[in-house]
Structure formats: C-alpha cells, structure tokens
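S.K.: Below are the structure tokens for one structure; questions will follow.
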Amino acid sequence: MLNSPDEASGIVSRGAAGRVALVGERPHHEEAAACAAGMLTALDVDLDDEHRRDTPARLARALAEMLTPPAFDPTTFDNADGYDELVVVEAIPFHSLCEHHVLPFVGTATIAYLPDQHIAGLSKLAWVVQLFARCLQVQERMTGQIADWLVENLRPRGAAVLLRAEHLCMSLRGARALGAVTTTSACRGALAEDRPRRREWLELVATLPR
Ligand SMILES: Nc1nc2c(ncn2[C@@H]2O[C@H](COP(=O)(O)OP(=O)(O)OP(=O)(O)O)[C@@H](O)[C@H]2O)c(=O)[nH]1
Ligand SMILES: [Zn+2]
C-alpha cells in the first residue's frame, strides 16, 4: 500500500551524500493499469475508443506520479549571523490526494520557524511540503508531519505550519460544498509554548490572504 513518502518513492538509489534519487518507474504500473481498466469497465465506462484505449495506463501513471515524493537535499546552513526572528515562507502551493477518496485537495502552505543554530535553504521549505503532499494524506497529519520535519532537520527554537486547502471530495461530490476551505495548523517549541512568540505567529496568520 502506498501511504507514506518512504513506501511511495519507487525504485531509488542512494548517492554518497545519502541523497535519494528516482532511477526508474515503479514496478507495478502494468498491474495498476489492468486494475484501472477493470474498475472503469465495472463502472460502465467504454474503453474501446481511440481516446480512452490508453486511459487506464494514463490513470495509473498519473496516480503513480502524484504518489511519488520528490528527492531533494535538505540543505541547511549555520546561522552564522545569529538571526533570531521568525523566518516565514507564505503561499507555497501544493496538491495532495485525500486518502479516503483518492481525490485531490489543493491549497497553500505557510511555514514559519524561529532559528537556533541552523537556517534552512529556503527552497527546502517548499520541497518539504511536496515531500508530504505526494502520498495519500489527511490534511491534519500532513500539517504535523511538516512541523515535525522542521524540528528534526533544523532543530529550531520553534516551528509552525498552516495549511489551507479545498478538498475536491467535499466540493465536487458528496456535500458539494464548492469553495469550502479547510485550515489546519501545527505549532512546535516556542511557537506553541512561548506566549509572545505564539501571539506573533497568530497575528501573522491573521494577515494571510484567504
Ligand atoms: N479530517 C479529515 N477528513 C477528510 C480529509 N479528506 C477527506 N476527509 C473526509 O473523510 C470523510 C470520509 O467519510 P465517509 O463517510 O467514510 O465517506 P463518504 O460516504 O464518501 O462521505 P461524504 O464525503 O460525506 O459523502 C469525509 O467526511 C471526507 O470529507 C482530511 O484531510 N481530513
Ligand atoms: Zn476525500
């Protein structure tokens, strides 16, 4: 079952620096395509058509792509200048797949951390969102996983994550609450426990565009 970044990462090789790289397609694509054909046929979809003939394989490839986390180096630098205010990256776009319906949820992430000894390469904060987005997810878990990754990799004094997303399983089917947006947040360290720092984070969140 592909439900975590590690399991979903397909065929990988590890370089000298421990960097994980994708080197090939996952081995079960053909089997996935056959299953997709079976499911679509059972749903009365006629696959005997020029446009649809390869649809099961396309569906399998599309899902494999969205269930495969990216490989990246989590570069950090020494905080040589002793920067001691919040670092915030807003409006990081992401899409993931809800693990109940395997339909997308689409939105933005805001990441903040209070450095101690290390600062992150800024792009890595966008990469880490992709790392936990490209698998079957629930928004609450994804939010906490990003916060925990920051704690583990940066050892910051505090970290916080805010996700806002529209779940297509809730907006295009079922309740059909088109445009409904779900907000989740996770705070660690000083951003959870130090009142002035937490207030700073909450005030920042209040200024974010909806
Ligand atoms: N908490 C949480 N729930 C989610 C997330 N993504 C989808 N869901 C919900 O998971 C629930 C699954 O409920 P079920 O009753 O088993 O599924 P369903 O019959 O398709 O439910 P409806 O969507 O209400 O038609 C739904 O309420 C979804 O809205 C998520 O990221 N977090
Ligand atoms: Zn869903």
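S.K.: Looking at the chain, which longest stretch skips every one of the GluC sites (Glu not before Pro) that is in a DSSP loop with at most 16 other Cβ atoms within 10 Å, leaving the sites themselves out?
M.R.: Numbers: sites that count: E25, E50, E85, E99.
The segment 100-210 is the longest one with no such site.
S.K.: Oh, and also: Roughly how many nanometres apart are two label points built 7 Å out from the Cα toward the Cβ at Q117 and E65?
M.R.: 4.1
S.K.: With a 1.4 Å probe and all protein chains kept in place, how do H95, H28, H167 rank by accessible area, largest first? Please report the intermediate quantities before stating the final value.
M.R.: Working: H95 90, H28 115, H167 30 Å².
Ranked from most to least accessible, the order is H28, H95, H167.
S.K.: I would also like to ask the following. Got a sec? Charge dipole of the chain, +1 on Cβ for Lys and Arg, -1 for Asp and Glu; which of P209, L172, A91 is way out at the positive end?
M.R.: P209
S.K.: What's the center-to-center distance, using Cα atoms, between segment 58-79 and segment 104-174 in Å?
M.R.: Segment 58-79 and segment 104-174 have Cα centres separated by 13 Å.
S.K.: Still on this model: Residues with beta-carbon under 13 Å from that of V88, excluding V88: net charge, scoring Lys, Arg +1 and Asp, Glu -1? Present the calculation step by step, with values, prior to reporting the outcome.
M.R.: On the way: positive: R197; negative: E85, E90, E200, E203.
Summing Lys and Arg as +1 and Asp and Glu as -1 gives -3.
S.K.: While we're looking at this one, here's another question. Quick check: net charge around R157, other residues with Cβ under 13 Å of its Cβ, Lys/Arg +1 and Asp/Glu -1? Could the numbers behind the result be given before it?
M.R.: Values: positive: R155, R188, R197, R198; negative: D84, E85, D116, E193, D194, E200.
Net charge in that neighbourhood comes out at -2.
S.K.: Taking 7 Å along the Cα-to-C-beta vector as the label spot, tell me the E30-A126 distance in nanometres, rounded to one decimal.
M.R.: 3.8
S.K.: Here is a follow-up. Looking at segment 105-192, which trypsin sites (Lys or Arg not before Pro) are in a loop (DSSP not H, G, I, E or B) and have at most 15 other Cβ atoms within 10 Å? Could you put the intermediate results ahead of the total?
M.R.: Numbers: sites: K124, R134, R141, R157, R164, R173, R176, R188; in loops: R134, R157, R173, R176.
Sparse-neighbourhood loop trypsin sites (Lys or Arg not before Pro): R173, R176.
S.K.: Another question, if that's okay. Quick check: pseudo-label points 7 Å beyond the Cα along Cα→Cβ at T76 and R210, how many nm apart are they?
M.R.: Each label point lies 7 Å from its Cα, and together they span 3.7 nm.
S.K.: Which values, in whole Å and largest first, are the semi-axes of the equivalent ellipsoid of the chain obtained as the square root of 5 times each eigenvalue of the Cα gyration tensor? Present the calculation step by step, with values, prior to reporting the outcome.
M.R.: On the way: eigenvalues 265, 100, 25 Å².
In descending order, the three semi-axes are 36, 22, 11 Å.
The values are calculated or read from the model by the stated rules, or taken from the named source; none is laboratory data. Because the structure is predicted, anything quoted here is derived from the model rather than measured. Neighbour counts are summed over all protein chains in view; Cβ atoms, including those assigned to glycine, are modelled from backbone coordinates with ideal geometry. Note: accessible area is taken over every heavy atom of the protein model, side chains too, but ligands, DNA and RNA are not part of it. Shrake-Rupley method; radii C 1.70, N 1.55, O 1.52, S 1.80 Å.
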